[in-house]
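Let me begin by presenting the structure, written as structure tokens, before commenting on it.
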Amino acid sequence: MAKVREPISEFLRDKVILLTGGTGSFGRHFTKVLLDRFDFKALRIFSRDELKQFEMRAQLSNTDRIRFLIGDVRDPGRLSRAMEGVDVVVHAAAMKQVPACEYNPFEAVKTNILGAQHVIDASIDHQVRRVIALSTDKAVSPANLYGATKHCAEKIFVQGNSYAGGRATRFSCVRYGNVLGSRGSVVPLFLKQRQSGVLTVTDESMTRFWLTLEQAVQFVLGRMTQMYGGEIFVPRLPSMKITDLAKAIAPECAIECVGIRPGEKLHESMIAEDESRHTLEYEDLFTIMPEYAEWGRQNGRDGKPLRDGFCYRSDTNDWWMSVEELRVMLGCQVGEGDCGTHSVQDGAYASNDSLRPAVVG
């Protein structure tokens with residue numbers, strides 16, 4: 001396991017946290033986890049949708065430590081004001097829908113690339129100590145504009161450490177696969193199509209990396225206590241075939257292939273072959289180290305180098321989820337049993353599921 005600098009419970013104590021894009025699927029679960037399990041000072045939810053903020057506030061039982069701020073990462077002035085007195089930033093705001101990014105490319109650039117720059121600038125100006133950006137497997141050898149903007153965002157976040165200079169501000173990224181249960185995932189579509197008796201898939205051979213919202217949140221929290229700046233953290237995750245997911249959700253339904261969509265890949269990668277040369281392997285994750293680290297590298301002394309030609313792809317992964325395991329993971333979403341309970345103890349992920357944990361903090 002990668003070395004933990006300090007327990008996450010101690011690290012978050014009395015901290016002020018800013019969460020951009022805080023009303024999305026990740027933000028909602030991140031907020032719930034913090035409220036339920038940690039003794040932090042304040043969490044600032046920064047997003048541009050007042051209705052989603054209103055709905056989120058109504059769903060929370062305790063909002064004494066929550067601050068809802070209307071704002072857009074495109075607006076550096078508002079972002080700078082929101083950043084005052086902040087200790088930790090989790091940057092989750094992004095345009096994520098592939099067709100929307102393709103049809104509105106300038107808007108995707110403004111949010112995903114310029115917005116990332118604004119987060120970096122404001123964090124440095126206000127001497128935020130640790131800043132983590134959420135990325136995606138779509139950023140690896142991108143085949144669409146969404147992936148290209150996230151690839152660029154990763155690059156400028158890593159090199160944001162150079163702009164910090166002698167300040168204490170440090171930037172890192174986390175990169176992971178598709179999140180079960182998030183808005184826009186295929187699970188809600190399959191649940192809706194189940195009523196018709198036919199599920200549509202783009203290609204029967206398609207594979208993906210998958211994790212739950214809980215695991216995504218735990219992975220981000222765990223990296224707060226490990227980052228030194230410039231790393232891209234990649235969790236070890238199971239792969240699954242899209243047809244197995246369909247069988248797990250609706251085994252009684254027929255499967256219809258409708259053809260691969262523009263900008264879609266048959267298989268996803270989380271570490272490209274070119275990146276593997278500067279990536280370190282741990283039991284629970286991979287750490288892609290910065291190639292240019294003028295600010296000085298203090299990490300990566302305990303990891304194992306990857307073999308030549310290594311590529312972390314969903315179709316060549318050595319860990320696969322069966323239909324039965326998928327049903328356990330999906331239980332609470334498809335109405336079949338209990339999904340299990342989760343807890344955090346000093347950054348570690350624990351579950352009473354029968355599944356092997358995909359993420360260990």
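The values are calculated or read from the model by the stated rules, or taken from the named source; none is laboratory data. Here the structure is a predicted model, which means the values were calculated and not measured. FYI the Cβ positions are ideal-geometry reconstructions off the backbone, even for glycines, and counts take in every protein chain you see.
Taking the conditions exactly as written (in a strand (DSSP E or B) and surrounded by fewer than 19 Cβ atoms within 10 Å (Cβ to Cβ)), does T200 satisfy them or not? Yes, satisfied. Looking at F68, is it assigned to a helix (DSSP H, G or I), of a type in the set (F, W, Y) and either surrounded by fewer than 14 Cβ atoms within 10 Å (Cβ to Cβ) or at pLDDT 95 or above (or both)? Criteria not met by F68.
Every residue, every condition in (1) out of contact with any Gly (no Cβ under 6 Å at 6 or more places or on another chain); (2) surrounded by 15 or more Cβ atoms within 10 Å (Cβ to Cβ); (3) in a helix (DSSP H, G or I), yes or no:
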{"site": "R13", "(1), (2), (3)": "yes, no, no"}
{"site": "I17", "(1), (2), (3)": "yes, yes, no"}
{"site": "V33", "(1), (2), (3)": "yes, yes, yes"}
{"site": "I45", "(1), (2), (3)": "no, yes, no"}
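Counting the residues of region 135-146 that are surrounded by fewer than 23 Cβ atoms within 10 Å (Cβ to Cβ), at negative phi and in contact (Cβ under 8 Å) with a residue 12 or more places away in the chain gives 3. Condition test on I132, is it within 17 Å of G21 (Cβ to Cβ) and in contact with a Ser or Thr (Cβ under 7 Å, 6 or more places away or on another chain)? Answer is yes for this residue. From the list V258, V234, V186, V198, the one residue that fits, being without any contact (Cβ under 8 Å) to a residue 60 or more places away in the chain and under 19 Å from the mean Cα position of the chain (by Cα), is V186. Screening L69 with (1) touching a residue at least 40 places away in the same chain (Cβ under 8 Å); (2) in contact with a Phe, Trp or Tyr (Cβ under 6 Å, 6 or more places away or on another chain); (3) of a type in the set (A, V, I, L, M) gives one miss only, at (1). Can you confirm whether T111 is at pLDDT below 95 and either out of contact with any Asp or Glu (no Cβ under 7 Å at 6 or more places or on another chain) or surrounded by fewer than 16 Cβ atoms within 10 Å (Cβ to Cβ) (or both)? It is false that T111 is at pLDDT below 95 and either out of contact with any Asp or Glu (no Cβ under 7 Å at 6 or more places or on another chain) or surrounded by fewer than 16 Cβ atoms within 10 Å (Cβ to Cβ) (or both). When the test is whether a residue is of a type in the set (S, T, N, Q), over 30 Å from R37 (Cα atoms) and not in a loop (DSSP other than H, G, I, E, B), T287 does not pass it.
Of the residues making up region 229-252, those that are buried (at least 21 other Cβ atoms within 10 Å of the Cβ), outside any loop (DSSP other than H, G, I, E, B) and out of contact with any strand residue (DSSP E or B) (no Cβ under 6 Å at 6 or more places or on another chain) number 3.
Would you confirm, using the coordinates I've provided, whether L191 is surrounded by fewer than 17 Cβ atoms within 10 Å (Cβ to Cβ), out of contact with any Cys (no Cβ under 9 Å at 6 or more places or on another chain) and at negative phi? Criteria met by L191. Can you find a residue that is at pLDDT 95 or above and not in a helix (DSSP H, G or I) anywhere in region 148-160? Within region 148-160, not a single residue is at pLDDT 95 or above and not in a helix (DSSP H, G or I). State which residue is surrounded by the most Cβ atoms within 10 Å (Cβ to Cβ) when the search covers only region 161-188 and only residues that are of a type outside the set (A, V, I, L, M), in a strand (DSSP E or B) and at pLDDT 95 or above. Per the criteria, the residue is F171. Would region 119-126 turn up any residue that is modelled with pLDDT of 95 or more, crowded, with 18+ Cβ neighbours inside 10 Å, closer than 21 Å to E231 by Cβ and among the acidic types (D, E)? Within region 119-126, none of the residues are modelled with pLDDT of 95 or more, crowded, with 18+ Cβ neighbours inside 10 Å, closer than 21 Å to E231 by Cβ and among the acidic types (D, E). Report, by residue number, each residue of region 215-228 that is more than 15 Å from R175 (Cα to Cα) and either touching a helix residue (DSSP H, G or I) at 6+ places or on another chain (Cβ under 7 Å) or outside any loop (DSSP other than H, G, I, E, B) (or both). Listed by number, the list holds a single entry, T225. Only a single criterion out of (1) crowded, with 18+ Cβ neighbours inside 10 Å; (2) in contact with a Leu (Cβ under 9 Å, 6 or more places away or on another chain); (3) modelled with pLDDT under 95 is not satisfied by W295, namely (2). Taken across region 301-322, residues that are without any contact (Cβ under 8 Å) to a residue 24 or more places away in the chain, surrounded by fewer than 20 Cβ atoms within 10 Å (Cβ to Cβ) and within 30 Å of P7 (Cα to Cα) do occur, with at least one present.
Give me the residue from region 76-106 that is of a type in the set (K, R) and without any contact (Cβ under 8 Å) to a residue 24 or more places away in the chain and, out of that set, surrounded by the most Cβ atoms within 10 Å (Cβ to Cβ). Out of the qualifying residues, it is R78.
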